[in-house]
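Take a look at the structure set out below.
The values are calculated or read from the model by the stated rules, or taken from the named source; none is laboratory data. Keep in mind that what you see is a predicted model, and the values were worked out from it rather than measured. Quick reminder, even Gly has a Cβ in these numbers, built from the backbone with ideal geometry, and neighbours come from all protein chains shown.
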There are 4 protein chains.
Amino acid sequence: MNALFDYQVLLDEILKEHRKHAERGQLASYIPELKKADPKMAGVALMTTRGLFEAGDTAVNFTLQSISKVISLLVALEHRGVEAVFAKVGSEPTGDSFNSIVKLETSEQKPLNPMINAGAIAVCSLIPGQSVEERFGLIAGLLEKILARPIEIDESVYRSEKETGHRNRALAYFLKDINGLEGDVEEVLDLYFRQCSILVNCADLARIGMFLATKGINEAGSPIVSANAVRLASTFMVTCGMYNGSGEFAIQVGIPAKSGIAGGILGVVPGRYGVATFGPALDRKGNSVVGISMLRRLSEVLDLSIF
Amino acid sequence: MNALFDYQVLLDEILKEHRKHAERGQLASYIPELKKADPKMAGVALMTTRGLFEAGDTAVNFTLQSISKVISLLVALEHRGVEAVFAKVGSEPTGDSFNSIVKLETSEQKPLNPMINAGAIAVCSLIPGQSVEERFGLIAGLLEKILARPIEIDESVYRSEKETGHRNRALAYFLKDINGLEGDVEEVLDLYFRQCSILVNCADLARIGMFLATKGINEAGSPIVSANAVRLASTFMVTCGMYNGSGEFAIQVGIPAKSGIAGGILGVVPGRYGVATFGPALDRKGNSVVGISMLRRLSEVLDLSIF
Amino acid sequence: MNALFDYQVLLDEILKEHRKHAERGQLASYIPELKKADPKMAGVALMTTRGLFEAGDTAVNFTLQSISKVISLLVALEHRGVEAVFAKVGSEPTGDSFNSIVKLETSEQKPLNPMINAGAIAVCSLIPGQSVEERFGLIAGLLEKILARPIEIDESVYRSEKETGHRNRALAYFLKDINGLEGDVEEVLDLYFRQCSILVNCADLARIGMFLATKGINEAGSPIVSANAVRLASTFMVTCGMYNGSGEFAIQVGIPAKSGIAGGILGVVPGRYGVATFGPALDRKGNSVVGISMLRRLSEVLDLSIF
Amino acid sequence: MNALFDYQVLLDEILKEHRKHAERGQLASYIPELKKADPKMAGVALMTTRGLFEAGDTAVNFTLQSISKVISLLVALEHRGVEAVFAKVGSEPTGDSFNSIVKLETSEQKPLNPMINAGAIAVCSLIPGQSVEERFGLIAGLLEKILARPIEIDESVYRSEKETGHRNRALAYFLKDINGLEGDVEEVLDLYFRQCSILVNCADLARIGMFLATKGINEAGSPIVSANAVRLASTFMVTCGMYNGSGEFAIQVGIPAKSGIAGGILGVVPGRYGVATFGPALDRKGNSVVGISMLRRLSEVLDLSIF
């Protein structure tokens, strides 16, 4: 792949070819707000050392949802340390779905990893601060350093999740019962719902991917997060970033990635690229159908797999 | 068994012989208040057509806890009807523990039966009323008609459960998520915690047992609850009344019974007796050690088994 | 219910009224032989102190299947004692299906009860004898004493189960692995498949029911099995005799019963009747649709429920 | 890392420093033969472009055990194709232990991945041949092409597994029941037990690792297996190669690896090294304690992590 390779042509072609796959998916239904998205939208963005390339709906805002788990994990690792984090959350993939509660009861009594909802809620509880605002400031602050712009949340999604997030509430109270959640349950949930509601677009995600691909250095060249925290987050993205579709994604695409149920996928090609897709129609495991389809093709053409 | 049989001698002997078994048990630890009980207490009461016989600590007050599930089930059946109740709760025993959440996710998406916590919370949500007070009034009201005395709750146990009942809260929010709980979650939990905190003594439980043994008729001879509701409740007491120790209890004692983690056991000998025991030291399934021991002996001597 | 009550008219009416429900069920498919049955067959038999009453297809032979679990449990209890039996099998009902293997791994490492396949296979392994023939002789021998006729098996069903019984083989080897099965696995399975293939008709089952209703005394008035073994078996029939439909059956019918996937149901009305139904079309839990329907009606009319 | 780096000094130091960790582990107990190993043995080998470096007990023979799953997966992929393999086995990691049967019942009715026992048995059933000998010939043949020497099995381990492998037998019959295993169950198990009993030493494993690191090319420079099959196998080694300790291993070491309960670990550093360790004392997840300890240090010094 030399510097003259035309990324723009590639992205345009891939978008054109794969857009149709969106029809095979379903909009997320677990919060009412998400059902309002246009299921036919599709976008792909690639951040390279030569700058950003993009095609399709890359400027449309959507909420981070589960992709935020990567950001809050970085914050918790940096502010609380590796040991404190792994005291509350495991590091094993799971064959269960992202919002499963079963293993909390039958297994080792802590969430299997920080990429499932229970684990992410436990991680949120570790983020320090005197108030939800202060704690959320650490998460938003990290994103602001990466993206060099102010961070906002989608208020209606936030309220919708807060009102209807019964399953996450169940997970949080179960964690509290097994001593797996620090502090006040409702406050931790508030923080979790806020981070899920952060607004980004596809181009933003490609920039975040590049930040991870360069082991924690932002576009201005400043080290924002330690290389070790980035390595840990990237590892989790490989083993559990795509819910219980992570194994198949590792085989088909082969890069650290994290999806969110609003349709975004954040991808990292270590040392080379940040890559991202957007498409709100999901497969039954909760991953963007058109997103996976485009990433699979990109991986073939650009030989992205780390395996 | 003729009228001259000396029940008093029998109860005195059984108490004397079995009191020592209390040492094998543990006080319930899941709410702090319950740990204050004296683990050596033991009492047994038998309500017969010749009146009440009792031995030991039968006047000591304790909280109903799970025994209240029988009362609220009767209320829900009477006020909402059989069909409405079984739309929200199943009728199958389970090999899982009383506060398990696993089957809610893996099974038919409603609690397996009304005697496990999840099922009892679902039943509570069906009790009608404009406020928690009004709804609780129906439960307390039924007990007042049976016992012919005012009902009170233990305020400190109630507050303790309300503050620390994280597992029950997890079950309730999970139910809400799967459309298994009517109304406001916190209000339903409030009602559930209140009914668990109702104060009774061992003699009261024997009277409640006799009320069930006579298919819903109180001591004054008035029909309080329909025979069908009583039959349903009695059936659940056999198949699931002693948590995941119900099968063994059916074999060893063989009567409809319901235990509570404050140490009470309510027993029904259809057409013949109400029987009850008290002893706060529990086995690992949550049943009173001394209680089961005494009931087993009583069943042998008086041939109580319905099988 | 006086001696002049016309049982024959009752059975004829019930059969006529309920026969149509057979259409709602499905033939068992797990062994090819069973799919050859006529799904429209239906029969009901009632053994009383005045003799046997029957209506419909009560002379049609079918295989005992899971109903044999009651017989081999009696044999094991009589020949090995209560303690030896409960060392290998538990006494708790389960919310899982009859051939589930999950709880063997997640639970207390012995089958939850003797009425699920895993438990019945463990019980078979306890039946003494130098050979499968000798061991089977004890099971067949008990039935011969009850029915006063020679016992035969359906050879083609037996061979079919032996060849295709992969799930039961999996259960048996799992048991062997956790030290839950005595002796040679294939020999125990052979015994299990033989007892499942024993031929009976509906009238036979009613006689077996009466034998249990009289606590182990056959028609000639001889005590064949101890009253305690019969009481234990009857208890298991209530809590787990109808697979994971036992709870609902207890509520709707309320008698000790055991069903088999060839369509038979064996019922016991303690001290009063043996009752049986036949109808090979099953509901999704594996119980005869027309059988349950007829028993439910019989229970209403004759007030059979023990609760 | 330049050509003058002294690998030998590094391996000697690491062995010396980490040997003591063997004390924290336990010998595998599930087959009697494995308990005869010396728990204090330890070896490490590194295959580089400059040749093989080794320290400790690298010439001691042990059985491949689960490491053989990688070899038979390559054979199945090459001879049957990707689609046929994934028709019988999934690609998702699991939080359950290597010999768990639970997910076969509760999940999608095929083994979650080819690195757990159930999945590896399913893969074995796909290896073509008229007899077990012929099928085993394909597995042994691949190893002979990689190692350029004849392959032998440990007869006593093979017989021991065959006699006592009840859990694997349970898994295989369960697979047969759900249509997840081609052909005769006992023949497939025979093949599985044979591949587990193949004798290798630590140096062999490092050579196999290098073969995978070079995407399927042996030391003589011949392509033996397609690069795609190697990529698939390497991916599974990352997500599920270390049983339910794979996630932690990915974080701590970060390379494709596969462990066996005889104490071997096969590691792949794509494009750079084959690496292997030996040490029969295992942690509770079934991985060599001293092996993981040495690999973790090696990864730090040589910067092996692919993340």
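Which of the residues that make up the range B:242-264 are part of a strand (DSSP E or B), in contact (Cβ under 8 Å) with a residue 60 or more places away in the chain and over 19 Å from B:TYR192 (Cα atoms)?
none
Taking the range A:206-231 on its own, how many of its residues are free of Cβ contacts under 8 Å to residues at least 60 places away in the same chain and hydrophobic (A, V, I, L, M, F, W, C)?
2
Can you spot a residue in the range A:38-55 that is closer than 13 Å to A:PHE236 by Cβ, under 20 Å from the mean Cα position of the chain (by Cα) and either within 14 Å of chain D (Cβ to nearest Cβ) or crowded, with 18+ Cβ neighbours inside 10 Å (or both)?
no
Of the numbered conditions (1) over 18 Å from C:GLY245 (Cα atoms); (2) within 14 Å of chain B (Cβ to nearest Cβ); (3) free of Cβ contacts under 8 Å to residues at least 60 places away in the same chain; (4) crowded, with 20+ Cβ neighbours inside 10 Å, C:THR106 satisfies every one except a single condition; which is it?
(4)
Condition (residue is surrounded by fewer than 24 Cβ atoms within 10 Å (Cβ to Cβ), touching a residue at least 40 places away in the same chain (Cβ under 8 Å) and within 14 Å of chain D (Cβ to nearest Cβ)) applied to the range C:190-205: is it met by at least one residue?
Looking for residues that are surrounded by fewer than 24 Cβ atoms within 10 Å (Cβ to Cβ), touching a residue at least 40 places away in the same chain (Cβ under 8 Å) and within 14 Å of chain D (Cβ to nearest Cβ), one finds none in the range C:190-205, hence no.
Scan the range D:109-127 residue by residue and report those that are aliphatic (A, V, I, L, M) and within 14 Å of chain A (Cβ to nearest Cβ).
From the range D:109-127, those aliphatic (A, V, I, L, M) are D:112, D:115-116, D:118, D:120-123, D:126-127; that's our starting set.
Of everything in the range D:109-127, those that are aliphatic (A, V, I, L, M) and within 14 Å of chain A (Cβ to nearest Cβ) turn out to be D:LEU112, D:MET115, D:ILE116, D:ALA118.
Got at least one residue in the range B:281-288 being touching a residue at least 12 places away in the same chain (Cβ under 8 Å), surrounded by fewer than 24 Cβ atoms within 10 Å (Cβ to Cβ) and either farther than 23 Å from C:GLY90 by Cβ or in contact with a strand residue (DSSP E or B) (Cβ under 6 Å, 6 or more places away or on another chain) (or both)?
Yes, because at least one residue in the range B:281-288 is touching a residue at least 12 places away in the same chain (Cβ under 8 Å), surrounded by fewer than 24 Cβ atoms within 10 Å (Cβ to Cβ) and either farther than 23 Å from C:GLY90 by Cβ or in contact with a strand residue (DSSP E or B) (Cβ under 6 Å, 6 or more places away or on another chain) (or both).
Which numbered condition in (1) within 18 Å of the chain's Cα centre (by Cα); (2) within 13 Å of chain B (Cβ to nearest Cβ); (3) among the β-branched types (Val, Ile, Thr); (4) over 20 Å from C:ALA170 (Cβ atoms) is the only one that C:ILE146 fails?
With (1) within 18 Å of the chain's Cα centre (by Cα); (2) within 13 Å of chain B (Cβ to nearest Cβ); (3) among the β-branched types (Val, Ile, Thr); (4) over 20 Å from C:ALA170 (Cβ atoms) applied to C:ILE146, the lone miss is (2).
With the structure loaded, tell me whether A:ALA227 is surrounded by fewer than 21 Cβ atoms within 10 Å (Cβ to Cβ), out of contact with any Leu (no Cβ under 9 Å at 6 or more places or on another chain), of a type outside the set (S, T, N, Q) and within 11 Å of chain D (Cβ to nearest Cβ) or whether it fails that test.
It is true that A:ALA227 is surrounded by fewer than 21 Cβ atoms within 10 Å (Cβ to Cβ), out of contact with any Leu (no Cβ under 9 Å at 6 or more places or on another chain), of a type outside the set (S, T, N, Q) and within 11 Å of chain D (Cβ to nearest Cβ).
Among (1) within 14 Å of chain D (Cβ to nearest Cβ); (2) touching a residue at least 40 places away in the same chain (Cβ under 8 Å); (3) assigned to a helix (DSSP H, G or I); (4) in contact with a strand residue (DSSP E or B) (Cβ under 8 Å, 6 or more places away or on another chain), where does A:SER234 come up short?
Result: A:SER234 fails condition (2) only.
Collect the residues in the range D:79-94 that are assigned to a loop (DSSP other than H, G, I, E, B) and surrounded by fewer than 22 Cβ atoms within 10 Å (Cβ to Cβ), keeping them in residue-number order.
D:GLY81
Being at pLDDT below 95, surrounded by fewer than 17 Cβ atoms within 10 Å (Cβ to Cβ) and either over 30 Å from C:ILE101 (Cβ atoms) or within 14 Å of chain D (Cβ to nearest Cβ) (or both) is the requirement here; does C:ASN218 meet it?
On the way: at pLDDT below 95: yes; surrounded by fewer than 17 Cβ atoms within 10 Å (Cβ to Cβ): no; either over 30 Å from C:ILE101 (Cβ atoms) or within 14 Å of chain D (Cβ to nearest Cβ) (or both): yes.
No.
Does at least one position in the range B:57-70 carry a residue that is surrounded by fewer than 23 Cβ atoms within 10 Å (Cβ to Cβ) and within 11 Å of chain C (Cβ to nearest Cβ)?
The answer is no, given that none of the residues of the range B:57-70 is surrounded by fewer than 23 Cβ atoms within 10 Å (Cβ to Cβ) and within 11 Å of chain C (Cβ to nearest Cβ).
Looking at the range A:95-212, what helices (runs of 4 or more DSSP H) fall wholly within it and have at least 3 residues that are within 30 Å of A:GLY51 (Cβ to Cβ)?
Hits in the range A:95-212: A:132-147.
Among the numbered conditions (1) within 14 Å of chain B (Cβ to nearest Cβ); (2) closer than 21 Å to C:GLU152 by Cα; (3) of a type in the set (Ser, Thr, Tyr), tell me where C:SER259 comes up short.
(1)
Residues in the range B:159-179: is at least one of a type in the set (Gly, Ala, Ser), within 21 Å of the chain's Cα centre (by Cα) and modelled with pLDDT under 95?
Taking every residue of the range B:159-179 in turn, at least one turns out to be of a type in the set (Gly, Ala, Ser), within 21 Å of the chain's Cα centre (by Cα) and modelled with pLDDT under 95.
Any residue that is charged (D, E, K, R), in the same structural domain as A:THR49 (by TED's automatic domain parsing) and under 14 Å from A:LEU74 (Cα atoms) - is there at least one of those in the range A:209-232? First the steps, then the outcome.
Step one: filter the range A:209-232 for residues charged (D, E, K, R), giving A:215, A:219, A:231.
Filter again for in the same structural domain as A:THR49 (by TED's automatic domain parsing), leaving A:215, A:219, A:231.
Applying the additional criterion that residues be under 14 Å from A:LEU74 (Cα atoms) yields A:215, A:231.
Among the residues of the range A:209-232, at least one is charged (D, E, K, R), in the same structural domain as A:THR49 (by TED's automatic domain parsing) and under 14 Å from A:LEU74 (Cα atoms), which makes the answer yes.
Restricting to the range D:173-189, give me the number of residues that are closer than 15 Å to D:GLU105 by Cα and within 8 Å of chain C (Cβ to nearest Cβ).
Qualifying residue count for the region: 4.
Take A:GLY263 and decide whether it is under 23 Å from D:GLN252 (Cα atoms), in contact with a Pro (Cβ under 9 Å, 6 or more places away or on another chain) and not assigned by TED's automatic domain parsing to the domain that holds A:PRO114.
no
For the range D:1-28, name all the residues that are free of Cβ contacts under 8 Å to residues at least 40 places away in the same chain and closer than 23 Å to D:THR63 by Cβ. Outline the logic, then answer.
Residues of the range D:1-28 that are free of Cβ contacts under 8 Å to residues at least 40 places away in the same chain, as a first pass: D:2, D:4-6, D:9, D:13, D:16, D:20.
Residues satisfying the conditions do not exist here.
Has the range C:29-43 got any residue that is part of a loop (DSSP other than H, G, I, E, B), free of Cβ contacts under 8 Å to residues at least 60 places away in the same chain and under 24 Å from B:ASN244 (Cα atoms)?
No, the range C:29-43 contains no residue that is part of a loop (DSSP other than H, G, I, E, B), free of Cβ contacts under 8 Å to residues at least 60 places away in the same chain and under 24 Å from B:ASN244 (Cα atoms).
Hey, among the residues in the range B:1-12 that are loosely packed, with under 14 Cβ neighbours inside 10 Å and not aliphatic (A, V, I, L, M), which one's nearest to the chain's Cα centre (by Cα)?
This residue is B:GLN8.
Do you know which of the residues in the range A:243-292 that are more than 10 Å from the chain's Cα centre (by Cα) and of a type in the set (D, E, K, R) is farthest from A:ALA22 (Cα to Cα)?
A:ARG272
Starting from the range D:132-153, keep only residues that are farther than 12 Å from D:ASN218 by Cβ and outside the structural domain of D:GLY209 (by TED's automatic domain parsing), then list their pairs with residues that are among the acidic types (Asp, Glu) and in a helix (DSSP H, G or I) whose Cβ atoms are within a distance under 7 Å, requiring at least 6 positions of separation or different chains.
Between residues of the range D:132-153 that are farther than 12 Å from D:ASN218 by Cβ and outside the structural domain of D:GLY209 (by TED's automatic domain parsing) and residues that are among the acidic types (Asp, Glu) and in a helix (DSSP H, G or I), the close pairs are D:VAL132/D:GLU187; D:VAL132/D:ASP190; D:PRO150/D:GLU144; D:ILE151/D:GLU144.
Identify, by number, the condition in (1) touching a Phe, Trp or Tyr at 6+ places or on another chain (Cβ under 8 Å); (2) within 14 Å of chain C (Cβ to nearest Cβ); (3) over 22 Å from A:SER100 (Cα atoms); (4) aromatic (Phe, Trp, Tyr) that B:PHE98 doesn't meet.
Every condition holds for B:PHE98 apart from (3).
With respect to the numbered conditions (1) within 18 Å of the chain's Cα centre (by Cα); (2) within 30 Å of D:LYS103 (Cβ to Cβ); (3) in a helix (DSSP H, G or I), which one is the sole condition not fulfilled by C:SER68?
It is condition (2) that C:SER68 fails.
If you take the residues of the range B:278-307 that are polar (S, T, N, Q) and in a loop (DSSP other than H, G, I, E, B), which of them is farthest from the other protein chains (Cβ to nearest Cβ)?
Checking each candidate, the answer is B:ASN287.
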